[in-house]
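Chemist: So that we are looking at the same thing, I have put the structure below in structure tokens.
The values are calculated or read from the model by the stated rules, or taken from the named source; none is laboratory data. Here the structure is a predicted model, which is why all the values come from computation and not from measurement. FYI the Cβ positions are ideal-geometry reconstructions off the backbone, even for glycines, and counts take in every protein chain you see.
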Amino acid sequence: MSRKAVSRIYFALVLSVSAVTNAISNDTAIAVRWDETIYPDNALKAASTKDFKTLLDANWHDAMSVVVRKDKGPLSEKSRLQNCRQLFGIERYLYGTEDPTDWPILMQSLLRCKAMEIMTRLQPSKVSYVNMDVQSMVPDLAKLRLLSDSDPVRTFFSGLKEKATETKCFHKDSCRVVTKKDAYLLSLVGAGDYNGDGIEDVILIAGSRPVRGTATSGLSLGFVMTREAPDKPLKILSRFEKAN
């Protein structure tokens with residue numbers, strides 16, 4: 001599938017995924033799991049968690065032309081990216097893409113690369129309190145506040161407080177939620193123990209854009225989240241995005 005095809009899918013907020021089955025607590029360990037949507041390119045495929053480290057250096061089917069500007073100077077230069085490691089190397093210098101409509105796709109690719117990097121650190125869990133049904137998570141997501149009052153994206157999920165005018169789930173782990181003002185694409189791409197406490201944590205990639213905005217006006221962020229007990233709210237353990 002070409003990157004342009006991915007672009008059309010992303011801008012339409014449509015994503016085809018394979019379901020991640022919700023785990024339950026038992027006497028055996030809950031294996032680390034991931035969804036096919038974790039990959040930034042369909043050339044990549046992991047058979048086990050050990051494969052993700054190698055995939056960070058594996059080339060994509062489609063290279064992407066980007067514009068970089070180093071040291072905050074006026075001069076920019078073009079570069080071609082074809083794997084996650086290359087993207088990590090220049091992410092703080094990324095200034096744009098040759099085709100402006102490719103920028104959101106590049107940011108989605110970056111988040112998926114970072115999600116794969118997180119997968120290399122996940123361990124099996126002993127218990128899980130997170131419902132892998134994304135739609136059931138929406139009320140909790142709407143209550144989240146990110147990090148601090150000075151965080152410019154602290155209200156990222158606040159649009160979910162509004163009544164949804166449309167909700168479409170492609171599988172339990174990926175849903176599009178549209179309100180009068182905002183459109184969200186929420187995808188659970190992986191699960192495992194992130195911080196060593198034995199409780200299963202999940203990797204969520206979330207995209208948001210104004211309903212009346214342009215295709216390039218959206219924002220995408222990645223999160224590692226958990227629920228520490230059945231009656232506890234969702235908790236953000238980590239947030240990942242483009243380095244500044």
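Chemist: Residues of segment 122-138 being part of a loop (DSSP other than H, G, I, E, B) and under 29 Å from residue 161 (Cα atoms), which ones? Give the steps one after another, and end with the answer.
Modeler: Pass one, segment 122-138, residues part of a loop (DSSP other than H, G, I, E, B): 122, 124, 126, 128-133.
128, 129, 130, 131, 132, 133, listed by residue number.
Chemist: Identify the residue in segment 210-221 that is of a type outside the set (S, T, N, Q) and surrounded by fewer than 21 Cβ atoms within 10 Å (Cβ to Cβ) and, among all such residues, is nearest to residue 115 (Cα to Cα). Break it down into steps so the answer makes sense when it comes.
Modeler: Residues of segment 210-221 of a type outside the set (S, T, N, Q): 210-213, 215, 218-219, 221.
Restricting the remaining residues to those that are surrounded by fewer than 21 Cβ atoms within 10 Å (Cβ to Cβ) gives 210-213, 215, 219, 221.
On the way: 210: 25, 211: 27, 212: 29, 213: 27, 215: 23, 219: 17, 221: 11 Å.
In this case the residue turns out to be 221.
Chemist: I've got another one for you. Please specify each residue of segment 172-206 satisfying the condition of being within 18 Å of residue 34 (Cβ to Cβ) and small (Gly, Ala, Ser).
Modeler: Correct list: 174, 187, 190, 191, 192, 206.
Chemist: Exactly one of (1) modelled with pLDDT under 90; (2) surrounded by 14 or more Cβ atoms within 10 Å (Cβ to Cβ); (3) among the acidic types (Asp, Glu) is unmet by residue 91. Its number?
Modeler: (1)
Chemist: For residue 225, only one of the following conditions fails: (1) within 17 Å of the chain's Cα centre (by Cα); (2) farther than 20 Å from residue 30 by Cα; (3) surrounded by fewer than 24 Cβ atoms within 10 Å (Cβ to Cβ). What is its number?
Modeler: That leaves (2) as the condition not met.
Chemist: Of the residues that sit in segment 29-83 and are touching a residue at least 24 places away in the same chain (Cβ under 8 Å) and assigned to a helix (DSSP H, G or I), which one is surrounded by the fewest Cβ atoms within 10 Å (Cβ to Cβ)?
Modeler: My answer is 53.
Chemist: Output the qualifying pairs, or none if there are none: Cβ atoms under 8 angstrom, residues six or more apart or on different chains, first residue in segment 118-133 and touching a residue at least 40 places away in the same chain (Cβ under 8 Å), second residue acidic (Asp, Glu) and part of a loop (DSSP other than H, G, I, E, B).
Modeler: So the pair list comes out as 125/200; 127/200; 128/200; 129/200; 129/228; 130/200; 132/173; 133/173.
Chemist: Continuing with this model, one more query. For the structure I just gave you, tell me whether residue 114 is within 22 Å of residue 174 (Cα to Cα), charged (D, E, K, R) and part of a helix (DSSP H, G or I).
Modeler: On the way: within 22 Å of residue 174 (Cα to Cα): yes; charged (D, E, K, R): yes; part of a helix (DSSP H, G or I): yes.
Judged against the criteria, residue 114 is a match.
Chemist: Then there is this: Name the residue, out of 127, 134, that is surrounded by 14 or more Cβ atoms within 10 Å (Cβ to Cβ), modelled with pLDDT under 90 and aliphatic (A, V, I, L, M). Spell out the reasoning first.
Modeler: On the way: 127 fails: modelled with pLDDT under 90.
Only one candidate qualifies: 134.
Chemist: Let me ask something else about it. Return the residue satisfying two criteria in turn: it lies in segment 175-233 and is of a type in the set (Lys, Arg) and assigned to a strand (DSSP E or B), and of such residues it is modelled with the lowest pLDDT.
Modeler: 209
Chemist: Sticking with this structure for a sec: Taking segment 191-216 on its own, how many of its residues are touching a strand residue (DSSP E or B) at 6+ places or on another chain (Cβ under 8 Å) and basic (Lys, Arg)? Break it down stepwise before answering.
Modeler: Restricting attention to segment 191-216, the residues satisfying the condition of being touching a strand residue (DSSP E or B) at 6+ places or on another chain (Cβ under 8 Å) are 191-196, 198-211, 215.
Subsequent filtering for residues that are basic (Lys, Arg) retains 209.
Qualifying residue count, segment 191-216: 1.
Chemist: Could you run through segment 234-244 and say how many residues are part of a loop (DSSP other than H, G, I, E, B) and closer than 30 Å to residue 98 by Cβ?
Modeler: We begin by selecting, within segment 234-244, every residue part of a loop (DSSP other than H, G, I, E, B); these are 234, 241-244.
Keeping just the survivors that are closer than 30 Å to residue 98 by Cβ gives 241-244.
Residues that pass the stated criteria total 4.
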